[in-house]
Amino acid sequence: MKKHQYLGSILLEKGAVGEKELAEALEEQRNSGESLGGILLRHGYVSSEALCEALSIQFGMERVNLSEYQVEKEVINKIPASLAKRHKILPLKMDDNILTVVIANPLNLPVLDNLRVMLGCELEGVLATEEEINSALDKYYGADQESVDSMIEEIDERDVTFVGGEEEADSGGETEDEAPVIKLVSLIILEAFRQRASDIHIEPLQNRFRVRYRIDGVCREVPGPPKRLQGSVISRVKIMAGMDIAEKRLPQDGRIKLNLLGKEVDLRVSTLPALHGESVVLRILDKSSLLLDLGDLGFLEEDKKRFQSVLALPNGIILVTGPTGSGKTTTLYACLNKMNKPDKKLITVEEPVEYQLSGINQTQVKPEIGLTFAKVLREMLRQAPDIVMVGEIRDFETAEIAIRAALTGHLVFSTLHTNDASGAMTRLVDMGVKPFLVASSIQGVMAQRLVRVICPDCKEPYQPRRDELMELGLSPEDVSGLEFYQGRGCRECSKTGYRGRVAIFEVLLMSDPIRDLVLNGASSTEIKERARQLGMRTLREDGWQKVFKGITTIDEVVRVTQTDIE
């Protein structure tokens with residue numbers, strides 16, 4: 001007969017909990033009678049995933065990944081929604097009169113016994129985390145009216161108010177039926193703001209209405225409204241953003257200005273017609289969280305000095321490169337803020353203007369009326385600016401005018417979509433710019449990415465696996481004496497192990513050897529290798545430095561960077 005294993009012993013053996021934490025939890029259990037797993041979870045000593053794996057071993061039950069299953073409707077209908085939600089159980093599949101039921105607590109056997117009698121079939125229990133079960137319950141059953149009502153009762157209307165009188169203009173025709181939807185939309189926005197989300201994704205799917213928050217660059221699904229409220233919720237958002245609610249065939253853009261928890265926040269709203277309704281994305285622009293100091297962006301001291309030396313130049317082009325969402329705009333705003341002095345005239349051309357900066361002339365392009373980047377840039381040069389920012393160089397015409405401005409005594413900031421710093425040179429040449437103009441106008445290029453920061457509340461040392469070290473090109477002997485860190489996962493970071501983001505950089509300064517390579521039509525690989533010889537640290541190398549300093553993890557750096565070519 002197999003010897004019974006205690007939960008604490010399993011967790012200790014797997015390295016999921018420390019001896020000190022386990023001892024504290026056991027002492028609390030003796031005094032309170034609460035389950036050991038519940039205590040460990042409440043204190044953030046273990047993750048829900050680790051606890052589920054340990055329970056699977058202790059009770060000999062299968063651990064399932066619900067994301068790999070698509071449950072049939074007839075199986076879902078076996079258990080009423082009220083019962084499933086009350087006991088946190090989910091019917092998974094039916095085979096030969098055996099119903100497989102997902103549970104989070106293996107001791108929840110009386111519920112399974114009652115179900116066996118009620119349904120007249122055999123039951124087999126499998127395990128998943130409570131979070132996974134809750135997400136699946138929302139997916140297959142949707143939020144019932146009771147849960148929607150309780151959600152909207154929680155919100156304090158004073159926490160979400162319009163700025164600039166839009167509320168009064170729009171609420172005159174409000175009916176009793178519309179009030180819950182108005183509160184529900186406010187709750188979705190407020191909760192996203194509380195969780196530090198950068199975007200809210202409202203997505204109509206075939207059988208449900210999905211809401212996701214992008215937090216620290218990663219989308220997380222949250223409980224959404226029932227499918228029947230889809231049209232009302234989307235219409236409410238469009239009204240708030242000043243859009244045409246009757247137009248559902250074409251994409252629309254709008255803006256909402258709100259006061260959330262005492263802070264003025266702008267939301268940029270975009271709608272896109274999709275198969276099962278309009279997909280809506282709200283970008284949260286919180287000016288109070290905007291980093292306007294170069295020191296806060298994540299520069300290591302050496303790169304900070306290199307980049308500041310370029311900012312001190314009187315003219316030329318400074319480019320920031322990277323994919324969408326890599327923090328390029330934040331970096332440009334920090335540069336402008338540093339140079340925003342009474343003796344300098346600064347003008348920007350953006351699409352759109354995300355944040356309004358005091359003392360800077362900001363212009364938003366409107367392609368539909370012919371107000372393009374190139375046209376605005378051409379006209380703004382007649383305003384005799386000292387410093388110009390172009391939101392993005394997208395075509396030859398914009399690139400040509402920007403270069404002409406740089407060569408006639410202006411300092412020009414802009415962004416470009418390339419994988420690394422050296423690729424910016426070849427990208428401009430591919431656009432049609434002459435190599436000698438690129439070589440003479442570019443003063444510096446900085447590539448950047450955003451990596452998640454290890455949560456300070458659950459940060460702990462760990463020993464990386466050999467395959468992780470291989471990603472760095474290192475062996476365990478090479479890192480002897482170095483400490484690596486990871487986040488265990490706690491309530492503060494929503495069990496992810498990460499909270500917040502920081503940038504990693506690749507700063508390429510223009511020099512005579514680099515100019516010669518550009519003039520001779522060298523590839524981006526050749527330019528990169530020469531720049532490294534001259535002291536440039538690549539994105540991945542900068543990432544490793546932040547791993548060694550305990551700021552981020554190996555997995556994060558590997559996730560956002562490409563392998564450097566040696």
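Structure summary
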quantity	calculated
Test result for LEU377, open to solvent by 30 Å² or more (accessible area, probe 1.4 Å), of a type in the set (A, V, I, L, M, F, W, C), more than 25 Å from ASP216 (Cβ to Cβ) and in a helix (DSSP H, G or I)	no
Out of LEU313, LEU258, LEU294, LEU285, sole residue that is closer than 30 Å to MET510 by Cβ and touching a Leu at 6+ places or on another chain (Cβ under 8 Å)	LEU313
Scope segment 356-370; condition open to solvent by 30 Å² or more (accessible area, probe 1.4 Å) and either in contact with a Ser or Thr (Cβ under 8 Å, 6 or more places away or on another chain) or at positive phi (or both); matching residues	GLY359, ASN361, GLN362, THR363, GLY370
Subset of segment 213-232 [open to solvent by less than 60 Å² (accessible area, probe 1.4 Å) and under 12 Å from the mean Cα position of the chain (by Cα)]	TYR213, ILE215, ASP216, GLY217, VAL218, CYS219, ARG220
Pair list, Cβ < 7 Å and 6+ apart or interchain, from segment 518-535 residues that are farther than 10 Å from MET425 by Cβ and free of Cβ contacts under 8 Å to residues at least 24 places away in the same chain to residues that are aliphatic (A, V, I, L, M) and surrounded by 14 or more Cβ atoms within 10 Å (Cβ to Cβ)	GLU526/LEU517; ARG530/ILE514; ARG530/LEU517
Criterion (small (Gly, Ala, Ser) and farther than 19 Å from ARG427 by Cβ) met by exactly one of GLY409, GLY391	GLY409
Scope segment 315-346; condition among the small types (Gly, Ala, Ser) and in a loop (DSSP other than H, G, I, E, B); matching residues	GLY322, GLY325, SER326, GLY327
Cross-chain or 6+ apart pairs with Cβ under 8 Å, segment 25-37 first and touching a residue at least 12 places away in the same chain (Cβ under 8 Å), then aromatic (Phe, Trp, Tyr) and not in a helix (DSSP H, G or I)	ALA25/TYR45
Residue in segment 301-313 that is open to solvent by less than 30 Å² (accessible area, probe 1.4 Å), out of contact with any His (no Cβ under 9 Å at 6 or more places or on another chain), within 19 Å of TRP544 (Cα to Cα) and touching a residue at least 12 places away in the same chain (Cβ under 8 Å) present	yes
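Yes or no, residue by residue, for (1) open to solvent by less than 40 Å² (accessible area, probe 1.4 Å); (2) assigned to a loop (DSSP other than H, G, I, E, B):
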position	(1), (2)
PRO464	yes, yes
LEU469	yes, no
ASP478	no, yes
SER494	no, yes
PHE505	yes, no
ILE514	yes, no
LEU517	no, no
TRP544	yes, no
VAL547	yes, no
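The values are calculated or read from the model by the stated rules, or taken from the named source; none is laboratory data. Just so we're clear, the structure is a prediction, and the values are computed from it rather than from any experiment. Here the Cβ is made from the backbone with ideal geometry for all residues, glycine too, and neighbour counts use every protein chain on show. Keep in mind that these areas ignore ligands, DNA and RNA; they rest on the heavy atoms of the full protein, side chains included. Shrake-Rupley method; radii C 1.70, N 1.55, O 1.52, S 1.80 Å.
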